[in-house]
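First up is the structure itself, then whatever we jot down about it.
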Protein chains: 2
Amino acid sequence: MTTIKDVAKAAGVSTATVSAVINDSAYVSPPLRARVQAAIHDLKYEPSQMARNLKKGRSELIALIVADLANPFFARMVWAAEAAVAAWGYSLVVFNSDEKPENERKALARIRALSCDGALVVPVGLSSQYAQREAERRGFPTVLFGRVVDDRHSDTVTIDNVAAASQVTNYLLDLGHTRIGSITGPLHLTTGRGRLDGMLQAMAQRGVAPEPGHVRSGEFREDVAYSVAREMLDRPDRPTALYVANGVMALGVMRALADLSIHCPLDISIASTDTISGI
Amino acid sequence: MTTIKDVAKAAGVSTATVSAVINDSAYVSPPLRARVQAAIHDLKYEPSQMARNLKKGRSELIALIVADLANPFFARMVWAAEAAVAAWGYSLVVFNSDEKPENERKALARIRALSCDGALVVPVGLSSQYAQREAERRGFPTVLFGRVVDDRHSDTVTIDNVAAASQVTNYLLDLGHTRIGSITGPLHLTTGRGRLDGMLQAMAQRGVAPEPGHVRSGEFREDVAYSVAREMLDRPDRPTALYVANGVMALGVMRALADLSIHCPLDISIASTDTISGI
DNA sequence: AAAATGCAGCGAAACGATTAGCTCGGTGTC
DNA sequence: GACACCGAGCTAATCGTTTCGCTGCATTTT
C-alpha cells in the first residue's frame with residue numbers, strides 16, 4: 001500500500017505538507033500543492049482511514065442496533081439511517097440484537113471497541129439493564145428509538161403509542177364495531193404495553209369492554225401472530241374487528257384469515273400500528 | 001480512555017505482557033496473568049480496535065453494498081449478512097448504491113479507506129465500469145451477488161435467471177394460459193435480461209408468441225411496475241397471465257390490479273421471481 | 001542597518017496497539 | 001566449572017496518520 005510517506009518522498013516534501021494538502025488544513029503554495037497532488041495521483045494514494053481514526057479519535061462510523069432486522073419496519077430503518085449518515089460522510093455499522101439483551105450488550109461493547117462516533121439503538125427494553133449501563137453510555141452519543149426505557153438520561157425518539165392505539169380503536173368503534181379484539185406485542189415494551197393501554201382506554205371511554213379471550217399478547221413476530229389469530233378467530237364468538245400491534249403481526253393475522261377463509265374487510269376489520277408494504 | 005499503558009503501569013508489567021494476556025499470544029505466568037487481568041478489570045480497560053486494526057492491517061469489518069436498500073429482498077440480505085459476519089466476530093458496514101454506479105464507486109472507495117476485510121456487492125451492473133475497476137479490486141476479497149457482470153475475475157453468487165423464468169413460464173403455460181405478458185427489470189442487468197429471455201424461450205418452445213404490447217421493461221421499482229401494469233392491463237386485450245420480474249414489482253402490479261378491480265387469481269394469474277412476504 | 005514580523009514548510013512526537021529481538025536468570029550437559 | 005540452551009518478560013520499533021512547535025527566509029518597521 002502506498003502511504004503518505006511515499007507521497008512525501010515522491011513530491012519532495014514533508015508528510016506534514018502532504019497532510020495539509022489532503023485536508024486543506026494549512027496554506028500550501030500553489031507549486032508545492034501541485035506537486036503533491038500529482039504525486040498523490042501518480043501513486044494512486046488514498047489516506048488510510050484507520051490511521052486517521054487512531055490519530056483523531058473518531059471513526060466516522062455510526063452504529064445502528066435494531067431489535068429485529070428481519071422485521072421490514074426495522075429494515076426500513078436501515079435504509080433511512082444509511083441515507084442519513086452517508087449524507088454526512090459517515091458509514092453505518094449494523095447490528096441485530098434479535099430482541100436479546102445479551103446480543104445488544106455485545107453489540108454495544110463492539111461499538112465502543114470500534115470507536116463508533118455515535119449509536120442509534122432500538123432497545124430490547126429491559127429497563128433494569130439500562131440503568132446499569134447508563135454510566136457506560138454517559139458521554140457517548142446515543143439515541144434510543146421506538147421504545148422508551150426507564151432511563152431519563154438518553155435521548156429517545158418514539159411515537160405516542162397510547163394515543164395511536166386509542167385513535168385507531170376509536171376509528172373501529174366509529175365503524176360500529178363493539179366486539180373488538182387485539183393482538184399486542186410483549187407487554188414489557190412500551191410498544192406492547194402502550195398500544196394495549198391505548199386500545200383499552202378508548203374502549204373504556206365508550207363504555208365498551210373487550211371480551212377476555214379477545215385480547216392476547218405475543219411476540220412481535222409473524223408466526224406468533226398467526227398462531228394466536230388462528231386460535232382466536234376459529235370460533236363462532238370471534239371479534240368483528242381486530243387491532244394488531246404492528247405490521248409484521250398483521251401479516252400473520254392476514255395469513256390466518258386466508259387459512260380460515262375469513263374475508264377481510266368483508267367478514268372482519270383489521271387495523272394495525274405501522275403497516276408494512278404488501279398488506 | 002484507559003490504554004494498554006495504564007494497565008501495564010497498574011499491573012507493574014510491560015505493555016507486551018498485557019498484550020500477551022489479552023490475545024493469549026504468549027505464555028504468561030499465572031501470577032502475572034492474574035495481576036494483569038485484575039488491572040484490566042479494575043480500570044475497565046477495553047483494547048482499542050482502531051489501534052489494533054492499524055497495527056494488524058485488518059479491520060474486522062465486512063462491507064455490504066446493495067443496489068436498493070428499500071427493496072425488501074435486499075433488506076433481507078442485510079439481515080442474513082449481519083448474522084453471518086457476526087458469527088465470525090466481524091461487523092457489517094452497509095452501503096446503498098441505489099442503483100447508481102456513482103454511489104457504488106464512492107462506497108467502494110470508502111470501503112478501501114476503511115480497510116474493510118472484504119465486501120459483498122450487489123453490483124449496479126454496468127460491466128464497462130467493472131473492467132476498469134477490476135485492477136483495484138484485485139487482491140481484495142469481493143463477492144458479487146445476484147447480478148453477473150462481465151468480469152471473470154470475481155466470485156459471483158447468483159441464480160440461473162433464464163431457467164427460473166423458463167420454469168415459471170412453463171407453469172403458466174401448463175395452466176392453459178396463452179396470452180402471457182411480462183413486466184421485467186432493466187435489460188442491462190442479468191436479472192432483467194435473463195428473466196425476459198427465459199420467459200421468451202419457454203414460450204417459443206411451446207410455439208406461443210407474446211403480443212408486443214404485453215412485454216414491457218422497467219426499473220425494479222414498485223411504482224414503475226404499477227404504472228406499467230395500469231397501462232397494460234386497462235385494455236380489453238390484456239394478458240390472462242403476467243410474469244413479473246421481481247417481488248417489489250409484483251407488489252406494484254397487485255396494487256394496479258386492486259385499482260382496476262381485476263381480481264387475482266380469478267381474472268388473471270400473476271407470477272414473479274423472488275416473492276416478498278406480504279403478497 | 002538592525003530588529004521585528006510573517007509565513008511556508010519541516011521535524012518529530014503523538015494516537016494505542018502488536019511483535020521482533022533482546023536480556024537475564026535458571027537448567028542441563030559434558 | 002564452563003558452556004549452551006531455554007523461557008519469561010521487557011525494550012523499542014512499527015503501523016499511517018495528524019499536528020505542535022520550530023526553522024529560516026523574505027519583508028517590513030524603526
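Going residue by residue through segment B:260-279, is there one that turns out to be in a helix (DSSP H, G or I), in contact with a His (Cβ under 8 Å, 6 or more places away or on another chain) and more than 13 Å from B:Asn71 (Cα to Cα)? First the steps, then the outcome.
Going residue by residue through segment B:260-279, those that are in a helix (DSSP H, G or I) are B:260.
Among the residues that remain, those that are also in contact with a His (Cβ under 8 Å, 6 or more places away or on another chain) are: none.
No: segment B:260-279 contains no residue that is in a helix (DSSP H, G or I), in contact with a His (Cβ under 8 Å, 6 or more places away or on another chain) and more than 13 Å from B:Asn71 (Cα to Cα).
Going through segment B:152-202 one residue at a time, which ones are β-branched (Val, Ile, Thr), surrounded by fewer than 17 Cβ atoms within 10 Å (Cβ to Cβ) and within 23 Å of B:Asp237 (Cα to Cα)?
Looking only at segment B:152-202, we keep the residues that are β-branched (Val, Ile, Thr), and these are B:156-159, B:162, B:168-169, B:178, B:180, B:183-184, B:190-191.
Next, from what is left, pick out any that are surrounded by fewer than 17 Cβ atoms within 10 Å (Cβ to Cβ): B:157-159, B:178.
Passing the criteria: only B:Thr178.
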_For the list (1) crowded, with 16+ Cβ neighbours inside 10 Å; (2) more than 9 Å from DNA strand D (Cβ to nearest atom); (3) closer than 24 Å to A:Lys55 by Cα, I need the number of the one condition that B:Lys9 fails._
(1)
*Within segment B:231-251, is there a residue that is within 13 Å of chain A (Cβ to nearest Cβ), among the hydrophobic types (A, V, I, L, M, F, W, C) and under 22 Å from B:Leu173 (Cβ atoms)?*
yes
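Within segment B:6-24, is even one residue in contact (Cβ under 8 Å) with a residue 40 or more places away in the chain and more than 30 Å from B:Val143 (Cβ to Cβ)?
The first filter runs over segment B:6-24 and keeps only residues in contact (Cβ under 8 Å) with a residue 40 or more places away in the chain, leaving none.
Checked against the condition, which is being in contact (Cβ under 8 Å) with a residue 40 or more places away in the chain and more than 30 Å from B:Val143 (Cβ to Cβ), segment B:6-24 yields no hits at all.
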_If I filter segment B:30-51 down to residues being in a helix (DSSP H, G or I) and away from DNA strand D (no atom under 11 Å from the Cβ), which single residue comes out as nearest to the chain's Cα centre (by Cα)?_
B:Gln49
*In segment B:1-11, which residues are near DNA strand C (Cβ under 6 Å from one of its atoms) and either away from chain A (no Cβ under 14 Å) or part of a helix (DSSP H, G or I) (or both)?*
B:Ile4
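Condition test on A:Leu54, is it within 14 Å of chain B (Cβ to nearest Cβ) and more than 13 Å from DNA strand D (Cβ to nearest atom)? Quick ask: steps written out before the conclusion?
Values: within 14 Å of chain B (Cβ to nearest Cβ): yes; more than 13 Å from DNA strand D (Cβ to nearest atom): no.
No: the conditions fail for A:Leu54.
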*Would you mention how many residues in segment B:14-29 are more than 6 Å from DNA strand D (Cβ to nearest atom) and in a helix (DSSP H, G or I)?*
6
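Do we have any residue at all in segment A:39-49 that's of a type in the set (A, V, I, L, M, F, W, C) and within 9 Å of chain B (Cβ to nearest Cβ)? Can you show your working first?
So in segment A:39-49, the residues of a type in the set (A, V, I, L, M, F, W, C) come out as A:39-40, A:43.
Right, trim to within 9 Å of chain B (Cβ to nearest Cβ) and you get none.
Looking through segment A:39-49, none of the residues is of a type in the set (A, V, I, L, M, F, W, C) and within 9 Å of chain B (Cβ to nearest Cβ).
Considering only segment A:258-273, state which residues are of a type outside the set (Val, Ile, Thr), surrounded by fewer than 20 Cβ atoms within 10 Å (Cβ to Cβ) and away from every other protein chain (no Cβ under 12 Å).
Within segment A:258-273, the subset of a type outside the set (Val, Ile, Thr) is A:258-261, A:263-267, A:269, A:271-272.
If we keep only those that are surrounded by fewer than 20 Cβ atoms within 10 Å (Cβ to Cβ) too, we end up with A:258-261, A:263-267, A:269.
Hits for segment A:258-273 are A:Asp259, A:Leu260, A:Ser261, A:His263, A:Cys264, A:Pro265, A:Leu266, A:Asp267, A:Ser269.
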*Conditions: (1) farther than 30 Å from A:Thr273 by Cα; (2) aromatic (Phe, Trp, Tyr); (3) crowded, with 20+ Cβ neighbours inside 10 Å. A:Phe74 meets all but one. Number of the miss?*
(1)
_Of the residues B:Ala256, B:Ala225, only one is farther than 18 Å from B:Leu189 by Cβ, touching a residue at least 12 places away in the same chain (Cβ under 8 Å) and part of a helix (DSSP H, G or I); which?_
B:Ala256
*Run A:Asn103 past the list (1) surrounded by fewer than 20 Cβ atoms within 10 Å (Cβ to Cβ); (2) closer than 24 Å to B:Asp117 by Cβ; (3) among the polar types (S, T, N, Q); (4) over 17 Å from the mean Cα position of the chain (by Cα) and report the number of the one that doesn't hold.*
(4)
*Please state which one of B:Val85, B:Val78 is out of contact with any helix residue (DSSP H, G or I) (no Cβ under 7 Å at 6 or more places or on another chain), at pLDDT 90 or above and among the aliphatic types (A, V, I, L, M).*
B:Val85
_Suppose we keep only residues that are loosely packed, with under 11 Cβ neighbours inside 10 Å and within 7 Å of DNA strand C (Cβ to nearest atom) within segment A:12-29. Which one would you say is nearest to the other protein chains (Cβ to nearest Cβ)?_
A:Ala26
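The values are calculated or read from the model by the stated rules, or taken from the named source; none is laboratory data. No experiment lies behind these values; they were computed from the predicted model shown. Cβ coordinates were reconstructed from backbone atoms using ideal geometry, including for glycine residues, and neighbour counts include every protein chain displayed.
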